[in-house]
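Right, one structure below, let's go through it.
The values are calculated or read from the model by the stated rules, or taken from the named source; none is laboratory data. As the structure is a prediction and not an experimental result, all values here were calculated from the model. Glycine gets a Cβ as well: all are built from the backbone with ideal geometry, and neighbour counts include every protein chain shown. Note: accessible area is taken over every heavy atom of the protein model, side chains too, but ligands, DNA and RNA are not part of it. Shrake-Rupley method; radii C 1.70, N 1.55, O 1.52, S 1.80 Å.
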Amino acid sequence: MISGSFNYHRPKSGSEAVKLLRNAKGSRALAGGHSLLPMMKLRVAEPSALIDLGGIASLRGIKKVGAKIVIGAMTTQHDVLASALISKNCPILHEAAQQIADPQIRYVGTLGGNVANGDPGNDMPAVMLALDATFHVAGPAKSRKVKARAFYKGTYETVLKTGEIVTAIEVPVTSKQAYAYEKLKRKVGDYATAAAAVVLTMKAGKIISCSIALTNLGPTPLLAEAAAKALIGRTPDEEAISQAVAEARRIMDPANDTRGTPEYRVSVGGTFVARALKRAIARAGA
């Protein structure tokens with residue numbers, strides 16, 4: 001199908017973008033476009049105007065600030081993969097970016113677009129929950145910071161207000177933590193049928209910190225808090241992992257779609273939580 005008509009703007013600054021979004025009723029910000037443009041072709045989304053953020057140089061780049069890595073929202077997935085700063089200081093982002101779509105899309109698709117549009121099938125939102133990331137948001141009133149764990153409200157629904165855009169993503173340095181992102185997909189480049197992100201720390205053979213987050217197993221990315229708590233202070237044996245998997249399955253509420261029935265996706269979702277945990281535990285042991 002062909003999208004409806006719309007106006008097109010390419011601002012040069014974040015403030016100009018915010019002003020355009022505020023003044024053009026029904027407008028949408030355009031980052032990489034890999035979620036929005038297909039929705040427009042299907043007439044699921046019919047914005048009155050597209051505000052292309054691609055011309056705003058200040059929204060690109062990766063830098064280390066103390067114990068944080070700050071990534072501009074228009075930084076591409078390819079840039080994330082190419083960054084030595086990311087692979088050294090927050091390697092789970094590198095691992096997750098490798099599993100997003102294909103190289104052609106990763107050259108254009110942005111980290112900000114992936115986290116900001118509220119698609120539960122996107123990979124990075126769950127990773128951001130596991131990392132307890134913070135999103136920098138600019139808007140008509142003032143700039144603010146929003147925790148990733150408080151950002152998602154429903155399918156394609158976030159806490160962003162009219163005229164607001166995500167300008168940067170702030171993640172903690174996790175070079176001393178073990179990690180894994182495990183993803184089941186129907187084919188290379190597909191959205192996840194189910195996926196799990198794990199970040200944990202071990203000491204003296206026991207897990208002392210853990211976070212587990214889930215992709216495409218609910219209307220939003222899910223933080224499996226009870227599953228993580230089931231492992232804290234314990235030796236990660238099969239019994240402990242099985243208990244964590246059971247707790248993770250309790251919060252799964254996947255859609256019934258072409259990727260499988262809810263029952264199937266809950267089943268494989270638990271399997272991929274176990275795989276992610278075991279791989280992160282093996283890394284911690286190494």
- [ ] Evaluate the following for Ala29: is it under 23 Å from Lys142 (Cβ atoms), part of a helix (DSSP H, G or I) and open to solvent by less than 60 Å² (accessible area, probe 1.4 Å)?
- [x] no
TODO: Would you kindly identify the strands (runs of 3 or more DSSP E) lying entirely within segment 46-131 that contain at least 1 residues that are in contact with a helix residue (DSSP H, G or I) (Cβ under 9 Å, 6 or more places away or on another chain) and more than 17 Å from Ala31 (Cα to Cα)?
DONE: 62-65, 68-72
Open item on the list: For segment 147-169, which positions are buried (at least 18 other Cβ atoms within 10 Å of the Cβ) and either touching a Ser or Thr at 6+ places or on another chain (Cβ under 6 Å) or β-branched (Val, Ile, Thr) (or both)?
Closed with: Phe151, Tyr152, Thr158, Ile165, Val166, Thr167, Ile169
TODO: Could you tell me whether any residue of segment 156-163 is within 25 Å of Ala24 (Cβ to Cβ), in contact (Cβ under 8 Å) with a residue 24 or more places away in the chain and assigned to a strand (DSSP E or B)?
DONE: yes
Task: Yes/no for Asp132 being acidic (Asp, Glu), within 14 Å of the chain's Cα centre (by Cα) and open to solvent by 30 Å² or more (accessible area, probe 1.4 Å) - done: yes
TODO: Using the structure shown, decide if Lys142 is open to solvent by 20 Å² or more (accessible area, probe 1.4 Å), modelled with pLDDT under 95 and more than 15 Å from the chain's Cα centre (by Cα).
DONE: yes
TODO: Return only the number of the condition from (1) touching a residue at least 24 places away in the same chain (Cβ under 8 Å); (2) touching an Asp or Glu at 6+ places or on another chain (Cβ under 8 Å) that Ser27 does not satisfy.
DONE: (2)
TODO: Return the pairs, sorted by first residue and then second, in which the second residue is open to solvent by 10 Å² or more (accessible area, probe 1.4 Å) and part of a strand (DSSP E or B), the first residue lies in segment 193-206 and is free of Cβ contacts under 8 Å to residues at least 24 places away in the same chain, the beta carbons are less than 7 Å apart, and the residues are 6+ apart or on different chains.
DONE: none
Open item on the list: With the structure loaded, tell me whether Ala24 is in contact with a strand residue (DSSP E or B) (Cβ under 6 Å, 6 or more places away or on another chain) and either open to solvent by less than 50 Å² (accessible area, probe 1.4 Å) or not hydroxyl-bearing (Ser, Thr, Tyr) (or both) or whether it fails that test.
Closed with: yes
TODO: Give just the number: which of (1) touching a Pro at 6+ places or on another chain (Cβ under 8 Å); (2) open to solvent by 30 Å² or more (accessible area, probe 1.4 Å) does Lys64 not satisfy?
DONE: (1)
Open item on the list: Tell me yes or no: at least one residue of segment 212-220 is under 16 Å from the mean Cα position of the chain (by Cα), of a type in the set (Ser, Thr, Tyr) and open to solvent by less than 60 Å² (accessible area, probe 1.4 Å).
Closed with: yes
Task: Top-ranked residue of segment 17-39 - restricted to ones that are more than 26 Å from the chain's Cα centre (by Cα) and of a type in the set (D, E, K, R), ranked as modelled with the highest pLDDT - done: Lys19
Task: Filter pass, Gly4 being under 17 Å from Val108 (Cβ atoms) and surrounded by 12 or more Cβ atoms within 10 Å (Cβ to Cβ) - done: no
Task: Test result for Arg249, within 21 Å of the chain's Cα centre (by Cα), over 26 Å from Ala150 (Cα atoms) and surrounded by fewer than 24 Cβ atoms within 10 Å (Cβ to Cβ) - done: no
